[in-house]
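Novice: One structure, as structure tokens, below. Some questions next.
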Amino acid sequence: MLILAIETSCDDTSVAIMDGDYRVLAESNSSQLVHNDYGGVVPEIASRIHIQTVMKLTDKALREAQVKLDSIDAIAASVNPGLIGSLLIGVSYAKALAYSLNKPFIAVNHLLGHIYANRISQTDLTPPFLALVVSGGHTELVDFDKELSFSVVSKTKDDAAGEAFDKIAKILGFGYPGGPVIDKLSQNGDSGFVEFPRALNQKNNYNFSYSGLKTAVTNYIKKQSKSFIDENVHNIAASAQMAIVEPLVRKTFNYLLKDPDKRKEDHKKRKIVLAGGVAANSLLREMMTQKAAKHDVRVYIPPIKHCMDNASMIAAAAVIKYNNNDFAGLDLNPFSTKGTRNI
Ligand code: KG4
Ligand code: ZN
């Protein structure tokens with residue numbers, strides 16, 4: 001079984017071909033550097049470039065995988081959330097391919113793709129599990145009882161974790177994406193240097209909030225001299241990173257380990273799955289791994305390249321949908337509504 005998957009939810013175009021064992025036969029990608037000139041993604045430009053690249057990348061992926069278009073069994077695309085114009089290009093192209101080949105179309109929620117990116121390297125991942133989805137636009141805890149049956153437990157009330165990294169990097173004078181910059185700076189920093197605030201701290205509150213942190217960092221920076229900031233940028237970055245990551249880890253475990261009696265029989269099955277761009281963060285990976293070992297929980301962490309947006313993750317979720325006979329009609333349109341959801 002072969003799936004061809006397309007990801008165009010933001011400014012990266014990606015096409016992947018995957019077999020039924022989650023093996024990536026090809027993945028071709030193209031990034032849009034033009035947005036750097038504008039300080040952010042310009043949606044209209046993004047969608048126009050997707051039009052120019054999606055067909056070329058599809059040809060390239062087919063050549064790389066050494067498969068013919070008519071041996072593909074289903075066409076998948078990222079359908080939501082994302083920039084509506086960008087999604088429209090990938091979805092329209094996928095539907096046109098599906099129609100012309102007379103093959104089913106599979107609609108994938110981008111965040112479900114991030115979650116099942118874990119299957120590519122760890123095919124033994126099966127529900128029940130608790131997913132922590134941390135990306136540029138989302139911070140959510142999602143409780144899975146079956147592969148395609150889940151409920152969103154909690155989410156951010158304002159900024160997402162990735163957004164907090166990006167905004168704090170900008171406050172400190174660095175470019176986008178801010179997460180990798182803060183991550184790197186923090187390696188030589190003292191995370192206890194500044195006590196930045198942590199919101200929604202009650203034990204049974206599983207929601208997140210990061211806009212107060214952004215304000216706290218802004219106010220802190222305003223009060224210091226330029227030379228003090230330059231001298232301590234590693235320490236400030238490490239302190240901000242801790243204020244983003246520590247609540248993610250604490251709340252994930254608070255939810256997973258609550259109600260121990262009810263979950264006792266599931267003890268051996270307790271699993272945490274990290275998903276999204278922020279899953280690349282070294283502190284998050286380290287703290288999750290350490291706490292998981294302490295509580296006898298298995299934690300699934302994707303390799304760095306599978307944390308980022310790519311079509312292989314869309315293909316992985318599509319394999320699961322294919323196996324569950326979960327296909328979409330060609331009248332389905334993309335939509336930008338946020339959150340992990342079934343389509
Ligand atoms: O999942 P993703 O590629 O895009 C969305 O679907 O939104 O995630 C992008 C986010 C950005 O906010 C970026 O700063 C963050 O992931 N990110 C990181 C790291 N690498 C990427 N955040 C923290 N540490 C990192 N190493
Ligand atoms: Zn993403």
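Novice: If you check 100, 92, which single one turns out to be surrounded by fewer than 20 Cβ atoms within 10 Å (Cβ to Cβ), under 22 Å from residue 45 (Cα atoms), free of Cβ contacts under 8 Å to residues at least 40 places away in the same chain and of a type in the set (Gly, Ala, Ser)?
Specialist: Details: 100 fails: under 22 Å from residue 45 (Cα atoms).
Every option except 92 fails the conditions.
Novice: While we're on this one: With respect to residue 162, determine if the residue is more than 16 Å from ligand 1 (Cβ to nearest atom) and under 18 Å from residue 287 (Cα atoms). Step through it out loud before you land on a result.
Specialist: Numbers: more than 16 Å from ligand 1 (Cβ to nearest atom): no; under 18 Å from residue 287 (Cα atoms): yes.
No.
Novice: Looking for something aromatic (Phe, Trp, Tyr), in contact (Cβ under 8 Å) with a residue 60 or more places away in the chain, assigned to a loop (DSSP other than H, G, I, E, B) and surrounded by 15 or more Cβ atoms within 10 Å (Cβ to Cβ) - is there at least one such residue anywhere in the stretch 17-24? Can you show your working first?
Specialist: Pass one, the stretch 17-24, residues aromatic (Phe, Trp, Tyr): 22.
Of the ones still in play, those that are also in contact (Cβ under 8 Å) with a residue 60 or more places away in the chain are 22.
Next cut, assigned to a loop (DSSP other than H, G, I, E, B) only: 22.
Of the ones still in play, those that are also surrounded by 15 or more Cβ atoms within 10 Å (Cβ to Cβ) are 22.
Yes, some residue in the stretch 17-24 is aromatic (Phe, Trp, Tyr), in contact (Cβ under 8 Å) with a residue 60 or more places away in the chain, assigned to a loop (DSSP other than H, G, I, E, B) and surrounded by 15 or more Cβ atoms within 10 Å (Cβ to Cβ).
Novice: Still on this structure: Anything in the stretch 143-168 that is aliphatic (A, V, I, L, M) and within 13 Å of the chain's Cα centre (by Cα)? List them, or say none. Quick ask: steps written out before the conclusion?
Specialist: Of all residues in the stretch 143-168, those aliphatic (A, V, I, L, M) come to 148, 152-153, 160-161, 164, 168.
160, 161 - these are the residues of the stretch 143-168 that are aliphatic (A, V, I, L, M) and within 13 Å of the chain's Cα centre (by Cα).
Novice: Of everything in the stretch 146-174 that's in a loop (DSSP other than H, G, I, E, B), away from ligand 2 (no atom under 16 Å from the Cβ) and of a type in the set (A, V, I, L, M), which residue is nearest to residue 341 (Cα to Cα)?
Specialist: Within the stretch 146-174, the match that is nearest to residue 341 (Cα to Cα) is 148.
Novice: Go through the stretch 1-39 and give me each residue that's on the phi > 0 side of the Ramachandran plot and within 19 Å of the chain's Cα centre (by Cα).
Specialist: 22
Novice: With (1) within 16 Å of ligand 1 (Cβ to nearest atom); (2) touching a strand residue (DSSP E or B) at 6+ places or on another chain (Cβ under 7 Å); (3) more than 22 Å from residue 279 (Cβ to Cβ) as the list, and residue 43 as the residue in question, which single condition is left unmet?
Specialist: Result: residue 43 fails condition (2) only.
Novice: Give the stretch 173-190 a look and list any residue that's in contact (Cβ under 8 Å) with a residue 60 or more places away in the chain and surrounded by 19 or more Cβ atoms within 10 Å (Cβ to Cβ), or say none.
Specialist: 179, 183, 186
Novice: Of the residues that make up the stretch 120-130, is at least one in a loop (DSSP other than H, G, I, E, B), within 14 Å of ligand 1 (Cβ to nearest atom) and over 18 Å from residue 308 (Cβ atoms)?
Specialist: We begin by selecting, within the stretch 120-130, every residue in a loop (DSSP other than H, G, I, E, B); these are 122-128.
Pick out the ones that are also within 14 Å of ligand 1 (Cβ to nearest atom) and you get none.
No.
Novice: Residues 41, 79, 91: which one is part of a loop (DSSP other than H, G, I, E, B) and in contact with a Leu (Cβ under 8 Å, 6 or more places away or on another chain)? Please lay out each step first, then the result.
Specialist: Numbers: 79 fails: part of a loop (DSSP other than H, G, I, E, B); 91 fails: part of a loop (DSSP other than H, G, I, E, B).
Among 41, 79, 91, only 41 is part of a loop (DSSP other than H, G, I, E, B) and in contact with a Leu (Cβ under 8 Å, 6 or more places away or on another chain).
Novice: Regarding the stretch 275-287, can at least one residue be identified that is touching a residue at least 12 places away in the same chain (Cβ under 8 Å), away from ligand 1 (no atom under 11 Å from the Cβ) and within 27 Å of residue 96 (Cβ to Cβ)? Write out each step before concluding.
Specialist: First, pick out the residues of the stretch 275-287 that are touching a residue at least 12 places away in the same chain (Cβ under 8 Å): 275-285, 287.
Going one step further and asking which of them are away from ligand 1 (no atom under 11 Å from the Cβ), we end up with 287.
Now restrict to residues that are within 27 Å of residue 96 (Cβ to Cβ): none.
Within the stretch 275-287 (the criterion being touching a residue at least 12 places away in the same chain (Cβ under 8 Å), away from ligand 1 (no atom under 11 Å from the Cβ) and within 27 Å of residue 96 (Cβ to Cβ)), the answer is no, since none of the residues qualifies.
Novice: Name the single residue that is farthest from the chain's Cα centre (by Cα) among those in the stretch 175-194 being modelled with pLDDT under 95 and of a type outside the set (Gly, Ala, Ser).
Specialist: Selected residue: 188.
Novice: Could you check the stretch 227-343 for helices (runs of 4 or more DSSP H) lying wholly inside it with 3 or more residues that are modelled with pLDDT of 95 or more and surrounded by fewer than 18 Cβ atoms within 10 Å (Cβ to Cβ)? Even if it seems obvious, please write down each step before you answer.
Specialist: Details: elements: 260-263, 282-294, 304-307, 311-323.
Result: 282-294.
Novice: Turning to a different aspect of this structure: Mind listing just one residue for me: the one in the stretch 192-223 that is of a type in the set (Gly, Ala, Ser) and within 20 Å of residue 133 (Cα to Cα) and, of those, surrounded by the fewest Cβ atoms within 10 Å (Cβ to Cβ)?
Specialist: Just the residues of the stretch 192-223 that are of a type in the set (Gly, Ala, Ser), to begin with: 192, 199, 209, 211-212, 216.
Still in the running and within 20 Å of residue 133 (Cα to Cα): 199, 209, 211.
Details: 199: 18, 209: 19, 211: 15.
Among residues in the stretch 192-223 that are of a type in the set (Gly, Ala, Ser) and within 20 Å of residue 133 (Cα to Cα), the one surrounded by the fewest Cβ atoms within 10 Å (Cβ to Cβ) is 211.
Novice: While we're on this one: Residues being under 19 Å from the mean Cα position of the chain (by Cα), farther than 16 Å from residue 305 by Cα and among the small types (Gly, Ala, Ser): count how many of those fall in the stretch 97-119.
Specialist: 1
The values are calculated or read from the model by the stated rules, or taken from the named source; none is laboratory data. Nothing here was measured: the structure is a model prediction, and the numbers come from that model. When we count neighbours, we look across all protein chains shown, and the Cβ atoms used for this are built from the backbone with ideal geometry, even at glycine.
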